[in-house]
Structure formats: C-alpha cells, structure tokens
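Accompanying notes for the structure given below.
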Amino acid sequence: MGGSRVELARLFRGLGVAGATAATLLLVACSGARGTGGNAAPPTAAEASRFLAQSSYGATDAAISEVRAAGYGQWIDQQMVLARPTTHQAEVEARLAAARQADPNARLTPNDFYYTWWKQSVTGPDQLRQRMKLAYSEIFVISLTDTNVDVRGAASYYDMLGANAFGNFRTLLEQVTLHPMVGVYLTWLGNQKEDPATGRNPDENYAREVMQLMTIGLYQLNLDGTVKTDGSGRPIPSYTPDDISGLAKVFTGYSYYSPNPTNTTFRGGQRNADWAVRPMIPYAAFHSTSAKAFLGVTIPASTAADPAGDLKVALDTLFNHANVGPFIGRQLIQRLVTSNPSPAYVQRVASVFNDNGKGVRGDMASVVRAILLDPEARDAVQAAGTNAGKLREPVVRIANWARAFGATSVSGNWLIGSTSANTSLGQTALTSPSVFNFFRPGYSPPNTRIGSAGLVAPEFQIVDEVTVAGYLNTLQTTVDSGIGTRSGGVSDVRADYAPLVALGGDVDALVSRVDLLLTHGQMAGATRSRIVQAVGGVSVPAATGSNQAAITTALTNRAKLAVYMTMASPDYLVQR
C-alpha cells in the first residue's frame with residue numbers, strides 16, 4: 001500500500017481535477033460520476049449489486065445470488081419477514097454483566113452500543129431492516145453526544161426503530177414519542193403543565209421538533225414534495241408559534257416508567273431499573289387541563305386530566321396531516337436512493353404512504369417497496385443522469401467494505417469505537433451533533449455547481465478538506481490492516497482478501513471483481529484505466545519455488561490497492 005496515495009493523486013489528476021481541494025473533488029464527483037443499472041428480470045449481477053447498495057450495507061456474493069434468484073420484490077418481501085438478530089439492548093446488557101464480573105461498578109459507555117451496531121450492520125441477515133434503522137435514526141434523532149442519554153436506553157431505542165421499520169408510521173410515531181430517550185434528549189420527560197402563579201409554561205422543545213423534523217416540516221407541501229406558496233410567492237408555514245404552544249400542553253405529565261407511579265417517581269425519585277427502556281407513562285396530576293389548540297384542532301378544557309386521550313388526538317392529527325407522506329417519503333428516498341428525487345418520484349411514494357392500495361395510511365412496508373422499486377431507483381437511464389445518486393455516508397462505506405470482503409472480528413465483539421472525529425470518518429451511528437442530524441435534508445453546498453443548479457446534497461454537510469483527508473487516511477489503514485481496537489498489533493476487524501488475491505495475477509479480472517462488489521459494474525472507463533495501471537504497477541516476482549511468500553505479498557498488495565483506489569474514487573463515493 002506504500003504507493004497508494006501517489007496513485008490516488010494520479011487518479012484524481014486523470015479525472016481532470018488537478019489542483020482542486022479534496023472537498024471540491026468530491027463536489028465535482030457528485031455531479032460528474034456516471035453509472036449503469038436497470039430493472040430487467042432476472043437482474044444481472046451488476047444490477048443486483050446496485051440494488052443492494054440502496055437496500056443494505058452493500059453487496060456480497062451470497063446477497064447478489066439471492067437477489068438474482070428471487071428478484072427485487074420477492075427479496076424485499078423475504079427481508080421484511082426475517083427474524084431479527086439478538087437485540088442491541090440484550091447485547092449491551094450482556095457486555096455490562098461480563099464487565100461487572102471483574103468490576104462491580106462497571107458502567108456502559110457509548111462504545112458498547114457502537115460495537116453492537118457494527119456487528120449487526122455488517123453481519124445481520126436482515127440487511128434491509130438494518131439499513132432502515134440507520135435511516136430512521138437520522139429522522140427521529142437522539143444522540144449519545146448528550147450524556148443524559150443512557151447507553152442501554154439508546155440501544156433500546158435503536159431496537160424500537162428496527163421493530164417498526166416495516167410497520168405503520170402511526171405506531172412508530174407513538175413509540176418514538178414515548179421512548180424515554182426521546183423524553184430525555186428533547187426535554188419533555190417530566191414536562192409539567194402551566195402554572196400562572198409562577199409563570200411556568202410547558203417546555204415546547206418536543207412540540208416543535210416533532211412537527212419540524214419528524215412529521216410535517218416547516219412549510220406546507222404539495223403531494224410531490226414541492227412547497228406551497230401564497231399569492232406573493234412566499235412559502236406557507238406548516239405551523240405557527242401558537243400551534244407549538246398548544247401542542248406543548250399535550251406533552252405534559254409524562255415521565256419515568258414505574259409500576260407504582262407517585263409524584264416522587266415523576267420527578268425521578270426511586271427510578272425503576274428499566275426506566276431507560278420502558279415507555280414513559282402518564283401522571284395526570286402534572287398534565288395540563290386547559291384548552292389545547294394546534295393545527296386546526298382544539299382539545300377543550302376539562303376538569304379531569306386525560307394525558308393519554310390528549311396524546312392520541314395530537315398524534316392522530318400529526319399522522320393525518322397532508323405533509324407527512326411527501327415529507328417523510330422524500331427523506332427516506334434521500335437516505336436510500338438519491339438526494340434529488342424528482343417531484344414525480346416523491347408523489348408516487350407519498351401516494352403509497354397515503355394509501356397502500358388497501359385503504360391503509362402509513363404502511364411503511366409499502367412505502368419502502370415503493371422507494372426501492374420505483375423506476376427512478378431501478379431504471380438504468382435515470383440512474384445515469386447527471387443529477388442522480390447520493391454521496392455515501394462514511395459509516396455506510398466502511399460497513400460496505402466489511403461486507404464485501406468478508407471482514408470478521410478477531411474478538412467476536414466488533415470492537416470499533418467512535419469514528420466521529422473529523423480525522424476519522426466524521427460520523428458514528430446514533431451520535432449526531434444535534435437533533436438536526438449529521439446533515440440536513442435540504443443542505444446545498446455553497447459556491448458549487450450543485451447549489452447553482454438548485455440541487456441538494458445532504459451528506460456534503462459533513463464534507464470538508466479535513467474530513468476528506470480523515471476518510472482517506474482511515475480507509476488506507478482499514479484496507480491495509482483492519483479497523484477497531486488493536487490487540488497484539490492486530491486490529492479487531494479485518495478483511496479476507498483471499499478471493500481477490502486469487503485473481504491478482506489477472507489485473508483486469510481483479511478490478512472487475514472489485515468493480516462488481518463496490519461500484520456495481522459502473523466504474524467509468526477513465527477510473528478503471530487508472531486503477532488497472534496502478535495495480536498492474538505492483539510487481540509480482542516470478543515463481544521460483546522458494547518465493548511463494550513474496551508472490552502472495554505482492555498479489556495481496558494488488559488486491560488492497562484495487563480496493564483502496566476504488567473506494568477513494570468518485571465512482572464509489574457517489575452511489576448511483
């Protein structure tokens with residue numbers, strides 16, 4: 001791997017971007033990388049690989065065979081009914097129990113969740129569910145950067161997102177709302193009714209965020225996701241400050257789970273051992289009984305508090321708002337397929353959200369199918385369009401590497417800790433810097449062709465010169481010697497390049513193999529030429545009978561260089 005950085009520079013220069021900063025290079029890539037695909041039945045290996053990039057953490061030989069044998073739709077159906085692996089909660093609990101055998105005072109750390117995330121993301125057979133968990137976690141955000149968020153609770157929350165991945169959005173919304181980690185992170189756990197005597201008003205944080213980020217967004221939308229405007233061409237707001245205040249009264253009187261709730265437990269005293277993983281419960285004494293007006297609905301004032309009844313009215317109102325289908329549908333398309341779906345694509349998905357064909361609203365299984373099977377996702381011509389595709393998220397790239405090249409964990413525990421540093425990947429699952437996620441769905445990089453064209457590229461919000469260099473350096477180490485905690489000089493998670501080494505004597509075959517697994521057979525000719533040239537430049541000694549080790553080393557270096565240069569190329573970084 002010693003010459004890989006030099007070869008990467010040559011590759012970039014060959015793509016016509018000499019002198020550009022690394023960040024600018026990636027911006028150029030977003031609008032310039034080409035690709036192929038299609039929806040022929042049965043899918044070709046390349047088409048199956050591309051489909052898996054959208055619906056999983058990446059292609060493997062076995063997964064490609066499964067998609068080709070079943071077809072896209074049946075593969076989706078099979079994935080949706082697969083039994084889930086051991087829960088993240090169970091895994092972190094097992095880690096804590098083991099740690100306490102040595103130290104009775106041991107506590108969980110965020111790394112304990114990250115280890116289970118990598119293990120399930122890479123090895124979980126339910127790959128579609130695994131990918132959906134990440135997508136949902138970037139809409140319904142909690143973050144382990146907040147030290148008030150309990151690690152066991154965060155694991156439970158991620159499990160909850162997975163359990164509801166293909167259920168009904170109304171159920172998902174309620175379970176998100178009542179999860180104690182949302183209560184802690186968005187400060188509505190223990191929220192109290194107004195008190196005119198002291199001037200206290202209910203905390204409005206969750207009322208605002210559940211509308212702005214989780215259901216309806218800032219502006220009224222057409223079914224195709226375009227913004228509605230008034231007679232002066234100004235966007236029409238979805239809600240007002242009064243809507244926030246009215247809804248905030250609904251979100252009062254819920255607090256810690258307890259089998260025997262009292263005013264003391266509401267305030268956090270005598271907390272149950274399962275407070276972080278059991279849904280919050282209502283405490284009527286702390287719930288507002290005044291009138292609550294929001295989004296055109298009014299809950300009349302009452303003499304008796306009805307926290308559960310008021311919550312049902314609020315969540316039903318949000319769920320049935322016309323914005324939800326296009327607002328959520330567009331974001332899920334962005335997470336899985338493309339940053340800039342056409343209005344027609346958004347409308348087709350939103351229509352399925354509104355009615356799955358059987359009169360059911362919010363059927364997320366049907367929504368996910370609609371996203372992945374839409375012509376805009378499957379059609380080769382549309383996929384090759386200038387504005388098609390999305391930047392791959394950093395954690396998705398490394399999970400893709402691990403799956404494609406049979407990575408295993410030496411310890412069995414997948415000891416990959418935080419990768420949030422900008423000198424690493426700049427991203428760790430469930431650890432965004434704020435409730436607004438790692439990147440906003442409407443982010444457009446300033447001073448770029450993307451912005452000038454009126455397009456968005458959400459993932460570029462975490463791209464700059466430092467994070468690009470951090471990724472490339474992390475990638476080089478990962479491809480060469482693995483990633484994760486090192487013990488005895490060995491990284492915990494390491495790839496198996498034996499299948500690539502076996503092809504190392506035939507550079508074209510080697511690059512084609514990497515192309516299939518990582519870039520779905522759509523590597524541009526210029527990119528392929530540069531990689532073939534670089535990989536072929538790694539000299540392999542002639543066999544003499546006594547230098548097999550040297551030959552194997554050279555062939556391994558060829559394999560690693562092919563993987564590294566591909567994963568550093570625009571053809572890979574931009575998923576099409």
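Read the figures in this text as sums done on the coordinates, not as results from a lab. All values reported here derive from a predicted model rather than from experimental measurement. Counting neighbours? That spans all protein chains shown, and the Cβs are built from the backbone with ideal geometry, glycine included.
Observations
- Calculated mean residue ellipticity, 222 nm, the chain: -14500 deg cm²/dmol, from DSSP H runs (n ≥ 4) at -39500 (n - 2.57) each, averaged per residue and rounded to 500.
- Rounded to the nearest 10 degrees, the inclination of helix 72-81 to the longest alpha-carbon principal axis of the chain is 50 degrees.
- Counting only alpha carbon atoms, the long axis of helix 548-567 and the longest principal axis of the chain meet at about 40°.
- Which listed pairs, of LYS249/LYS312; LYS292/LYS312; LYS228/LYS292, have C-alpha distances above 20 Å, in listed order: LYS228/LYS292
- Phi angles across segment 203-213 convert, under the Karplus curve 6.51 cos²θ - 1.76 cosθ + 1.60 with θ = phi - 60°, into 3J(HN,Hα) values of 4, 9, 4, 5, 4, 6, 6, 5, 7, 5, 10 Hz, Gly and Pro given as x.
- Prolate/oblate/rounded call for segment 471-562, Cα gyration tensor, a/c under 1.5 rounded: oblate
- Packing around the peptides 372-378, 499-505, 246-252, 333-339, taken as the average count of other Cβ atoms within 10 Å per residue, puts them in this order, highest first: 246-252, 333-339, 372-378, 499-505.
- Applying the Karplus relation 6.51 cos²θ - 1.76 cosθ + 1.60 with θ = phi - 60° to segment 529-535 yields 3J(HN,Hα) values of 4, 5, 5, 4, 4, 5, 5 Hz, where x marks Gly and Pro.
- Peptide ranges 406-415, 256-265 listed from the most packed, as the mean C-beta count within 10 angstrom indicates: 406-415, 256-265
- Between helix 364-373 and the chain: long-axis angle, C-alpha atoms, 0 to 90°, nearest 10: 30
- Binned Cα-Cα distances of segment 377-455, short to long, each 10 Å bin given as a whole percent: 13, 32, 34, 17, 3
- Computed over neighbours whose Cβ is under 13 Å from that of ALA154, the net charge equals -4, Lys and Arg +1, Asp and Glu -1.
- Entry for semi-axes √(5λ) of the Cα gyration tensor in Å (calculated from the structure that is shown) out of (1) 56, 36, 25; (2) 44, 28, 20; (3) 32, 28, 23: (2)
- Segment 121-189: radius of gyration and largest Cα-Cα distance (Dmax), Å: 11.9, 36
- Shape annotation for segment 310-450: C-alpha extents along the principal axes are 50, 46, 36 Å, from largest to smallest.
- What the Kirkwood sum gives for segment 202-293 is a hydrodynamic radius of 15.5 Å, with every pair of different alpha carbons counted.
- Phi-derived couplings, Karplus 6.51 cos²θ - 1.76 cosθ + 1.60 at θ = phi - 60°, listed residue by residue for segment 300-306: x, 4, 9, 8, 10, 5, 9 Hz, with x used for Gly and Pro.
- Built amide H within the under 5 Å cut-off of LEU221, gap 5+: LYS228
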